[in-house]
Every structure is written in structure tokens, then in C-alpha cells.
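Peer 1: Here it is, the structure, as C-alpha cells.
The values are calculated or read from the model by the stated rules, or taken from the named source; none is laboratory data. Since we're looking at a predicted model, the values are computed, not measured. No Cβ is skipped: glycine too gets one built from the backbone with ideal geometry, and neighbour counts run over all protein chains shown. We work out accessible area using only protein heavy atoms, side chains counted, and drop any ligands, DNA or RNA first. Shrake-Rupley method; radii C 1.70, N 1.55, O 1.52, S 1.80 Å.
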Amino acid sequence: MRPLTVVLLVLAIAATAACAHALHEPSPLTAIGLAAPPAAGSGAASPAAVAAASPAEADRLLRDGAAAFARRPDAGSVSGSLSLYLRAARADEVRVDGLLGAAEASAWLIEHEADASRRERLATEAVEICQWCVRRAPERIECIYRLALAIGQQARERSSTALDGLKRMTPLLEQVIARAPTLDAAGGHRVMALVLLRAPGWPTGPGDPDAALEHARKADALVPDEAQNLLALAEALAATDQPAEARRIYARAEAIARTAAAAGHPDAREWADAAARALAALAKR
């Protein structure tokens, strides 16, 4: 996962908030994708045309989807990527490559969409895409990881699903940590740290800054010099009253991300900017 890999959960849930299930029977794949129609000139077909692709076309669609996704931060290209990946998923009903690509593109779009109603629709569809991935390949840890991330984004965009989402998300991340600790640059530990930092504490939720710091340290130990891991670690340090160390780690994250951005990494500039904003906020304390 390289678009956001930091799922920005906002889970301040009132005790009286309405509770909805995070998971439900997913829509047919032919009905998914309407929340992000392909941009003009993206090379992607409209959702209505998706069923026309044949299994023999799946590899080409996957290549085209990856090429379109690589053009981020252009949102139109990422929307086109989502459509292409969904076409690949519909063309071959056995493989999950297209579903994993669609989940990644959806996650990026959710983080960069200004319209709240469209974000909510994208988040709902992302969960459904990941449910199809798990159905096709129950043992693929990448599908389980993507489902955890999608549930987290949905929890933010549809707060009524947050309570149930937390209950489902943390066991999925525990599976990722146990089975594939370095997946997505130690994403299991990194995202678990963010959940524990941003979720409500007991009795409403699992929030625990000290436990979050442990997971953030493990992510950094498994994959050192990864900007996203350093951002999570610095946030955990700040949350556990270690501002000086947090500032040092944020500065390191920013430097690493600036270097990656100069080398052409499509997401690194956002990571660097996030570190700079966090440093500025700490300076005001």
C-alpha cells in the first residue's frame, strides 16, 4: 500500500452514537465503481462498459491500471486507475490483482476527495471491493490487510460504523502482524499504532497511547527509515509526553520524505508536508 498507508481515523465517538454494521453483503462487482467515474482521457471505460472485458484482457488492464495509478497526485488518473482495475477484476473472476489495485486506488481517492458524500460512497465501495478480495482468496493476507484499512476509512466517513468497525479492524490487523509483519513496510504495526492513538480509550474503544508506541517502534525496527513509520512513531511519542524525541523523529521523517520526493516518489511530498505541519504544531506547545 503506497497511497496513504496511514489511515487517518477520526473516531471520537459519542457513547450515544447510532451503531451500524461495518460489513454487509457486498454489491455485485458490476455495480461497484460508480462513485469514481473515470476522468476524460484516462483511457478507462465507464462502469457500464466494464463487463465487456474478457479474461485475456486482464493482464493489459492491470498494466494500464498500474500506469494510471503511478501518475498520482493527478486525481483523474487515479480515478481511471480504479476503473481499469475493476475491469480487470470483472474480466477474471479468480484473480485478486485487480481487486487489490482497486482497493489501493480507492484508498487514495478517499484521502484526496473534498466532497464528503463522495468520500462516503467511495469508502463504502472500498469495503465491498475488499470483501470480494477476501471471498476470492481467503488466505491472501494482502486482502485481509486491505479490508482492515477500508473498514478504518469507512469508520471515519460513516461514523455510525465506527464502533463495529473497530471490533472488526483490530483482529484483522493482528492477523497481518502475525503472518506478514513487513507487508506494506510494516503496515500492520503502523496502522495498529494509529488506531490505538486515535480511537477512544476504554470503555468506548481500544485507544492506548503506550501500546501505540510499542507498535510504532516495532514498525520502525522492522522497516527502518520509512517515512510513514517515522510519522506514526513521532505521533506516538508526542502522545506519550516525549515532545523532544517526537520533534527529532518528525524532522527525520521530513528529511527522508523530501529525499524520496526529489527521487520521484509520488506520495513522499505529502509525507514531508505532514511532518512539517506536525513540527510546527509541536513548536507552539
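Peer 1: Take the residues of the range 134-153 that are assigned to a helix (DSSP H, G or I) and farther than 18 Å from residue 188 by Cα: which is least open to solvent (accessible area, probe 1.4 Å)?
Peer 2: 136
Peer 1: Mind checking whether some residue in the range 164-180 is open to solvent by 10 Å² or more (accessible area, probe 1.4 Å), in contact (Cβ under 8 Å) with a residue 12 or more places away in the chain and under 13 Å from the mean Cα position of the chain (by Cα)?
Peer 2: The answer is no; no qualifying residue exists.
Peer 1: Continuing with this model, one more query. Name the residue, out of 199, 211, that is at pLDDT below 95 and touching a helix residue (DSSP H, G or I) at 6+ places or on another chain (Cβ under 8 Å).
Peer 2: 199
Peer 1: Name the single residue that is least open to solvent (accessible area, probe 1.4 Å) among those in the range 195-207 being without any contact (Cβ under 8 Å) to a residue 60 or more places away in the chain and part of a helix (DSSP H, G or I).
Peer 2: Among those that are without any contact (Cβ under 8 Å) to a residue 60 or more places away in the chain and part of a helix (DSSP H, G or I), it is 196.
Peer 1: Looking at the range 208-223, I want the residues that are open to solvent by 70 Å² or more (accessible area, probe 1.4 Å) and have a partner that is modelled with pLDDT of 95 or more and β-branched (Val, Ile, Thr) with Cβ atoms under 6 Å, at least 6 apart or on another chain. Which pairs are those?
Peer 2: Note: pairs meeting the criteria are 222/182.
Peer 1: Let me ask something additional. Hey, any hits in the range 28-42 for a residue that's outside any helix (DSSP H, G or I), surrounded by 14 or more Cβ atoms within 10 Å (Cβ to Cβ), modelled with pLDDT under 95 and in contact with an Asp or Glu (Cβ under 6 Å, 6 or more places away or on another chain)?
Peer 2: Going residue by residue through the range 28-42, those that are outside any helix (DSSP H, G or I) are 28, 32-42.
Checking which are surrounded by 14 or more Cβ atoms within 10 Å (Cβ to Cβ) leaves us with 32-33, 35-39, 42.
Filter once more, keeping what is modelled with pLDDT under 95: 32-33, 35-39, 42.
Add one more test, that the residue is in contact with an Asp or Glu (Cβ under 6 Å, 6 or more places away or on another chain), and what stays is 32, 35.
There is at least one residue in the range 28-42 that is outside any helix (DSSP H, G or I), surrounded by 14 or more Cβ atoms within 10 Å (Cβ to Cβ), modelled with pLDDT under 95 and in contact with an Asp or Glu (Cβ under 6 Å, 6 or more places away or on another chain).
Peer 1: Restricting to the range 110-120, count the residues that are within 15 Å of the chain's Cα centre (by Cα) and open to solvent by 10 Å² or more (accessible area, probe 1.4 Å). Lay out the reasoning, then the answer.
Peer 2: Here is the first cut: in the range 110-120, the ones within 15 Å of the chain's Cα centre (by Cα) are 110-113, 119-120.
Add one more test, that the residue is open to solvent by 10 Å² or more (accessible area, probe 1.4 Å), and what stays is 111-113, 119-120.
Result for the range 110-120: 5.
Peer 1: Mind telling me which of the residues 179, 217, 168 ends up being farther than 18 Å from residue 102 by Cβ, modelled with pLDDT under 95 and charged (D, E, K, R)?
Peer 2: Working: 179 fails: modelled with pLDDT under 95; 217 fails: modelled with pLDDT under 95.
None of the others qualify; the one that does is 168.
Peer 1: Taking the conditions exactly as written (in a helix (DSSP H, G or I) and more than 28 Å from residue 72 (Cβ to Cβ)), does residue 221 satisfy them or not? Explain how you work it out, then say what you get.
Peer 2: On the way: in a helix (DSSP H, G or I): yes; more than 28 Å from residue 72 (Cβ to Cβ): yes.
In short, yes.
Peer 1: Any residue at all in the range 240-250 that is within 29 Å of residue 74 (Cβ to Cβ) and touching a residue at least 24 places away in the same chain (Cβ under 8 Å)?
Peer 2: Within the range 240-250 (the criterion being within 29 Å of residue 74 (Cβ to Cβ) and touching a residue at least 24 places away in the same chain (Cβ under 8 Å)), the answer is yes, since at least one residue qualifies.
Peer 1: I would also like to ask the following. Any idea which of 278, 227 is surrounded by fewer than 23 Cβ atoms within 10 Å (Cβ to Cβ) and on the phi < 0 side of the Ramachandran plot?
Peer 2: Numbers: 227 fails: surrounded by fewer than 23 Cβ atoms within 10 Å (Cβ to Cβ).
Result of the check over 278, 227: 278.
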